[in-house]
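Working notes, beginning with the structure itself.
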Amino acid sequence: MIEVSKKAESIIAGMIQDEGGETFFLRVAIEDGGCSGLSYKIKLDDQLSGEDSTIQADGFKIVWEKASEEFLAGVKIDYIDQGMTGGFTIDNPNAKATCGCGASFRTATYKGARKKCD
């Protein structure tokens, strides 16, 4: 479902340790918004709901709402060290168009609701 590179796993595991340890996990969500219509929301969380799906990464869980599955199938999360523009990257095979910064996208079947990027 969601693939995380070894580099990204290492960074996320460190963030989870800094946050307080094993009760936290990586939550990946898709929301309406962004200049292309759909945007990613990635955060550390410690609250599961009945609408969540999970997979185990190396040292932590990855969680997403079942409603986002069609947008997240095949997603690859990586971490790139690249000066001031480095950070997490998302390669989404479902994205048919993306904005210039890569924070929002749309699919062939759903355009979302465009909103100004933060």
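Pairs of C-alpha atoms in the chain farther apart than 18 Å represent 52 percent of all such pairs.
Remark: 60, 105 ranked as 60, 105, counting other beta-carbon atoms within 10 Å and listing the fewest first. Helix 6-19 and the longest principal axis of the C-alpha atoms of the chain enclose an angle of approximately 70°.
For the chain, DSSP calls about 80 percent of its internal beta bridges antiparallel. For the chain, a simple Cβ point-charge model (Lys and Arg +1, Asp and Glu -1, everything else neutral) yields a dipole of about 660 debye relative to the Cα centre. Over segment 16-62, the ratio between the Cα radius of gyration and 2.2 N^0.38 Å evaluates to 1.30. Helix content alone sets the calculated 222 nm mean residue ellipticity of the chain: runs of n ≥ 4 DSSP H residues at -39500 (n - 2.57) each, divided across all residues, give -4500 deg cm²/dmol.
Only the coordinates and a few stated rules stand behind these numbers; no lab work does. The structure displayed is predicted, hence computed values, not measured ones. Here the Cβ is made from the backbone with ideal geometry for all residues, glycine too, and neighbour counts use every protein chain on show.
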